[in-house]
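So the structure is just underneath, and the comments pick up after that.
The values are calculated or read from the model by the stated rules, or taken from the named source; none is laboratory data. Because the structure is a prediction, the values reported are computed rather than measured. With ideal geometry, Cβ positions are generated from the backbone for all residues, glycine too; neighbour counts draw on all protein chains shown. Keep in mind that these areas ignore ligands, DNA and RNA; they rest on the heavy atoms of the full protein, side chains included. Shrake-Rupley method; radii C 1.70, N 1.55, O 1.52, S 1.80 Å.
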Amino acid sequence: MSFTLILGNKAYSSWSLRPWIALKQAGIPFEEKVIPIYMDGSEEAIRRYSPAGKVPILKDGDLTVWDSLAILEYVAEKHPKLWPADPKARAVARSISAEMHSGFVPLRKLCTMNLRRHYPGFELNDEVRDNIQRIDTIFAETRAQYGKNGPFLFGEWTAADAMYAPVVTRFKTYDVKLSAPSQAYCETVLATPGMKEWYAAAEAEPWTLPQYEY
Ligand SMILES: N[C@@H](CCC(=O)N[C@@H](CS)C(=O)NCC(=O)O)C(=O)O
(Lines give C-alpha, C1' and ligand atoms only; values in the text may rest on other atoms or scores of the structure.)
Protein backbone atom coordinates (compact mmCIF):
# COMPACT_ATOMS: atom_id res chain seq x y z
CA MET A 1 0.00 0.00 0.00
CA SER A 2 1.47 3.37 -0.94
CA PHE A 3 1.37 6.63 0.98
CA THR A 4 -0.94 9.48 0.01
CA LEU A 5 -0.28 12.98 1.33
CA ILE A 6 -3.16 15.43 1.60
CA LEU A 7 -1.67 18.93 1.42
CA GLY A 8 -2.61 22.60 1.55
CA ASN A 9 -1.65 25.25 -1.03
CA LYS A 10 2.00 24.92 -1.94
CA ALA A 11 2.47 28.71 -1.95
CA TYR A 12 1.40 29.08 1.67
CA SER A 13 1.11 25.83 3.63
CA SER A 14 4.35 25.58 5.58
CA TRP A 15 3.25 22.51 7.52
CA SER A 16 2.43 20.69 4.27
CA LEU A 17 5.88 21.31 2.83
CA ARG A 18 7.55 19.33 5.64
CA PRO A 19 6.34 15.77 4.93
CA TRP A 20 6.23 16.37 1.18
CA ILE A 21 9.89 17.45 0.96
CA ALA A 22 10.95 14.82 3.51
CA LEU A 23 9.61 11.99 1.38
CA LYS A 24 10.52 13.54 -1.96
CA GLN A 25 14.18 14.12 -1.05
CA ALA A 26 14.46 10.68 0.55
CA GLY A 27 13.10 9.05 -2.63
CA ILE A 28 10.09 7.56 -0.82
CA PRO A 29 7.19 7.15 -3.28
CA PHE A 30 3.82 8.74 -2.53
CA GLU A 31 0.73 10.15 -4.16
CA GLU A 32 -0.61 13.58 -3.31
CA LYS A 33 -3.76 15.64 -3.29
CA VAL A 34 -3.83 19.42 -2.72
CA ILE A 35 -6.85 20.98 -0.98
CA PRO A 36 -6.85 24.79 -1.15
CA ILE A 37 -7.16 26.09 2.44
CA TYR A 38 -9.19 28.95 3.94
CA MET A 39 -11.72 28.99 1.08
CA ASP A 40 -15.39 28.07 0.87
CA GLY A 41 -15.61 24.31 1.31
CA SER A 42 -11.99 23.87 2.46
CA GLU A 43 -12.90 22.74 5.95
CA GLU A 44 -15.39 20.10 4.78
CA ALA A 45 -12.91 18.86 2.18
CA ILE A 46 -10.14 18.46 4.79
CA ARG A 47 -12.46 16.86 7.36
CA ARG A 48 -13.33 14.16 4.84
CA TYR A 49 -9.77 12.90 5.43
CA SER A 50 -9.18 13.86 9.08
CA PRO A 51 -11.46 15.00 11.91
CA ALA A 52 -8.65 17.28 13.13
CA GLY A 53 -9.43 19.45 10.10
CA LYS A 54 -5.81 20.40 9.35
CA VAL A 55 -3.35 19.55 6.61
CA PRO A 56 -0.98 17.79 6.09
CA ILE A 57 -2.53 14.35 6.44
CA LEU A 58 -0.98 11.01 5.52
CA LYS A 59 -3.11 8.09 4.39
CA ASP A 60 -1.57 4.62 4.42
CA GLY A 61 -4.33 2.17 3.54
CA ASP A 62 -6.99 2.59 6.18
CA LEU A 63 -4.62 4.43 8.54
CA THR A 64 -4.79 8.22 8.88
CA VAL A 65 -1.87 10.12 10.40
CA TRP A 66 -2.23 13.87 10.94
CA ASP A 67 0.28 16.49 12.07
CA SER A 68 3.52 17.01 10.15
CA LEU A 69 5.87 15.65 12.82
CA ALA A 70 3.70 12.59 13.51
CA ILE A 71 3.73 11.86 9.78
CA LEU A 72 7.53 12.04 9.66
CA GLU A 73 7.81 9.71 12.66
CA TYR A 74 5.40 7.20 11.11
CA VAL A 75 7.19 7.20 7.76
CA ALA A 76 10.55 6.85 9.56
CA GLU A 77 9.38 3.59 11.12
CA LYS A 78 9.33 2.14 7.60
CA HIS A 79 12.25 4.23 6.30
CA PRO A 80 14.62 4.63 9.28
CA LYS A 81 17.12 6.65 7.23
CA LEU A 82 14.81 9.62 7.67
CA TRP A 83 16.55 10.18 11.03
CA PRO A 84 20.34 10.06 11.59
CA ALA A 85 21.67 6.55 12.33
CA ASP A 86 23.73 7.56 15.36
CA PRO A 87 21.53 7.66 18.51
CA LYS A 88 23.05 10.89 19.83
CA ALA A 89 22.75 12.65 16.48
CA ARG A 90 19.21 11.28 16.23
CA ALA A 91 18.33 12.73 19.64
CA VAL A 92 19.66 16.14 18.56
CA ALA A 93 17.75 15.89 15.26
CA ARG A 94 14.57 15.16 17.18
CA SER A 95 15.29 18.00 19.63
CA ILE A 96 15.73 20.64 16.95
CA SER A 97 12.71 19.28 15.07
CA ALA A 98 10.57 19.53 18.20
CA GLU A 99 11.94 23.03 18.88
CA MET A 100 10.80 24.04 15.39
CA HIS A 101 7.45 22.30 15.74
CA SER A 102 6.49 24.02 18.98
CA GLY A 103 8.42 27.27 18.76
CA PHE A 104 9.40 30.34 16.76
CA VAL A 105 5.86 31.69 16.94
CA PRO A 106 6.81 35.39 16.43
CA LEU A 107 8.71 34.50 13.23
CA ARG A 108 5.89 32.31 11.95
CA LYS A 109 3.29 34.98 12.67
CA LEU A 110 5.09 37.97 11.17
CA CYS A 111 6.79 36.23 8.25
CA THR A 112 4.11 33.91 6.89
CA MET A 113 5.25 31.49 4.21
CA ASN A 114 4.67 32.85 0.74
CA LEU A 115 6.76 31.34 -2.03
CA ARG A 116 5.53 33.76 -4.68
CA ARG A 117 6.71 36.94 -3.00
CA HIS A 118 9.98 38.70 -2.09
CA TYR A 119 10.03 41.48 0.49
CA PRO A 120 13.49 43.07 0.71
CA GLY A 121 13.73 45.48 3.66
CA PHE A 122 10.75 43.90 5.45
CA GLU A 123 10.59 45.34 8.98
CA LEU A 124 11.31 42.72 11.64
CA ASN A 125 10.85 43.14 15.40
CA ASP A 126 13.08 42.08 18.31
CA GLU A 127 11.24 38.82 19.02
CA VAL A 128 11.54 37.78 15.38
CA ARG A 129 15.21 38.75 15.33
CA ASP A 130 15.72 36.54 18.42
CA ASN A 131 14.03 33.61 16.64
CA ILE A 132 16.24 34.13 13.58
CA GLN A 133 19.36 34.28 15.73
CA ARG A 134 18.45 30.99 17.41
CA ILE A 135 17.77 29.26 14.07
CA ASP A 136 21.02 30.63 12.67
CA THR A 137 22.84 29.08 15.66
CA ILE A 138 21.02 25.75 15.17
CA PHE A 139 21.98 25.61 11.48
CA ALA A 140 25.61 26.62 12.01
CA GLU A 141 26.26 24.42 15.08
CA THR A 142 24.48 21.35 13.69
CA ARG A 143 26.32 21.59 10.37
CA ALA A 144 29.66 22.00 12.18
CA GLN A 145 29.11 19.13 14.61
CA TYR A 146 27.13 16.58 12.59
CA GLY A 147 27.22 17.66 8.95
CA LYS A 148 30.64 16.41 7.83
CA ASN A 149 29.32 13.70 5.48
CA GLY A 150 27.11 15.82 3.27
CA PRO A 151 25.53 19.25 2.73
CA PHE A 152 22.55 18.90 5.08
CA LEU A 153 22.19 19.42 8.85
CA PHE A 154 23.28 15.87 9.64
CA GLY A 155 25.23 15.35 6.43
CA GLU A 156 22.69 13.18 4.62
CA TRP A 157 19.12 14.44 4.16
CA THR A 158 16.95 13.80 7.26
CA ALA A 159 13.57 14.75 8.67
CA ALA A 160 15.26 17.65 10.50
CA ASP A 161 16.01 19.31 7.15
CA ALA A 162 12.36 18.86 6.21
CA MET A 163 11.19 20.41 9.48
CA TYR A 164 13.26 23.54 8.76
CA ALA A 165 12.54 23.72 5.00
CA PRO A 166 9.60 26.16 5.41
CA VAL A 167 11.71 28.51 7.50
CA VAL A 168 14.40 28.42 4.81
CA THR A 169 11.78 29.70 2.34
CA ARG A 170 10.78 32.44 4.80
CA PHE A 171 14.40 33.61 5.01
CA LYS A 172 14.41 33.89 1.20
CA THR A 173 11.02 35.64 0.99
CA TYR A 174 11.87 38.18 3.71
CA ASP A 175 15.50 38.63 2.67
CA VAL A 176 16.87 37.57 6.07
CA LYS A 177 20.65 37.77 6.45
CA LEU A 178 22.33 34.83 8.20
CA SER A 179 25.87 33.78 9.06
CA ALA A 180 27.86 32.37 6.13
CA PRO A 181 27.48 28.66 7.12
CA SER A 182 23.73 29.05 7.65
CA GLN A 183 23.33 30.97 4.41
CA ALA A 184 25.19 28.22 2.54
CA TYR A 185 22.95 25.59 4.13
CA CYS A 186 19.80 27.49 3.09
CA GLU A 187 21.05 27.77 -0.48
CA THR A 188 21.70 24.02 -0.53
CA VAL A 189 18.14 23.30 0.60
CA LEU A 190 16.65 25.76 -1.92
CA ALA A 191 18.66 24.10 -4.72
CA THR A 192 17.36 20.58 -4.05
CA PRO A 193 15.18 19.06 -6.80
CA GLY A 194 12.37 18.72 -4.25
CA MET A 195 12.34 22.41 -3.37
CA LYS A 196 12.48 23.41 -7.03
CA GLU A 197 9.52 21.17 -7.81
CA TRP A 198 7.51 22.56 -4.86
CA TYR A 199 8.28 26.20 -5.84
CA ALA A 200 7.22 25.51 -9.45
CA ALA A 201 3.93 24.00 -8.30
CA ALA A 202 3.36 26.98 -5.95
CA GLU A 203 3.95 29.38 -8.84
CA ALA A 204 1.38 27.53 -10.98
CA GLU A 205 -1.38 27.47 -8.34
CA PRO A 206 -4.49 29.51 -9.16
CA TRP A 207 -5.39 30.47 -5.57
CA THR A 208 -4.40 33.71 -3.81
CA LEU A 209 -5.07 34.23 -0.12
CA PRO A 210 -5.05 37.95 0.85
CA GLN A 211 -4.16 37.16 4.49
CA TYR A 212 -0.80 35.79 3.28
CA GLU A 213 0.00 38.79 1.05
CA TYR A 214 1.57 42.04 2.31
N1 LIG B 1 0.54 21.11 13.98
C2 LIG B 1 -0.04 20.87 12.70
C3 LIG B 1 -0.50 22.18 12.12
C4 LIG B 1 -1.25 22.03 10.82
C5 LIG B 1 -1.87 23.33 10.35
O6 LIG B 1 -2.07 24.30 11.11
N7 LIG B 1 -2.22 23.36 9.07
C8 LIG B 1 -2.89 24.51 8.46
C9 LIG B 1 -2.29 24.83 7.09
S10 LIG B 1 -0.58 25.24 7.12
C11 LIG B 1 -4.33 24.14 8.14
O12 LIG B 1 -4.64 22.99 7.92
N13 LIG B 1 -5.20 25.12 8.07
C14 LIG B 1 -6.56 24.88 7.62
C15 LIG B 1 -7.57 25.25 8.65
O16 LIG B 1 -7.21 25.55 9.80
O17 LIG B 1 -8.77 25.27 8.27
C18 LIG B 1 0.96 20.12 11.81
O19 LIG B 1 2.16 20.19 12.09
O20 LIG B 1 0.58 19.42 10.87
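Considering only 128, 41, 209, and ranking their Cα positions along the charge dipole of the chain that arises from unit charges at the beta-carbon of Lys, Arg, Asp and Glu, the one farthest toward the positive end is 128. Inter-part distance, the range 187-214 to the range 127-157, computed on C-alpha centroids, equals 22 Å.
For the chain, the normalised intensity computed at q = 0.09 Å⁻¹ comes to -0.33 (log10 of I(q)/I(0), Debye sum over alpha carbons, equal scatterers, no solvent). Working from label points 7 Å from Cα in the Cα-to-Cβ sense, the residue 117 to residue 88 distance is 4.4 nm. Measuring with a 1.4 angstrom probe and ignoring ligands and nucleic acids, residue 189 comes out at about 0 Å² accessible.
Per residue, the chain exposes 48 Å² of solvent-accessible protein surface, assessed with a 1.4 angstrom probe and all protein chains in place. Run the paramagnetic zone check for residue 2: 7 angstrom along Cα to Cβ, then residues of the range 38-63 with backbone nitrogen under 18 Å. Under cut-off, by backbone N: 57-63.
Take every DSSP beta bridge whose two residues both sit in the chain; close to 65 percent of them are antiparallel.
For the pair residue 60 and residue 133, the difference between a 0.36 nm per residue extended length and the Cα-Cα distance amounts to 22.5 nm.
For the chain, a Gaussian network of Cα nodes joined below 10 Å ranks 95, 13, 50 by mean-square fluctuation, and the top entry is 95.
What is the Rg over Rh value, at two decimals, for the range 85-204, using alpha-carbon atoms and the Kirkwood definition of Rh?
Details: Rg = 14.0 Å, Rh = 14.7 Å.
Value, to two decimals: 0.95.
Extending 7 Å from the Cα toward the beta-carbon at both residue 172 and residue 33 defines two label points whose distance is 2.9 nm.
Taking each of 109/172; 10/177; 109/196; 88/148; 33/81; 24/109 in turn, the alpha-carbon distance tops 18 angstrom for 10/177; 109/196; 33/81; 24/109. Spin-label pair residue 78-residue 209: with each label point 7 Å from Cα along the Cα-Cβ axis, the two points sit 2.8 nm from one another.
Just to verify a number: what accessible area does residue 117 come out at with the full protein assembly present, 1.4 Å probe, Å² rounded to tens? Accessible surface of residue 117 is approximately 100 Å².
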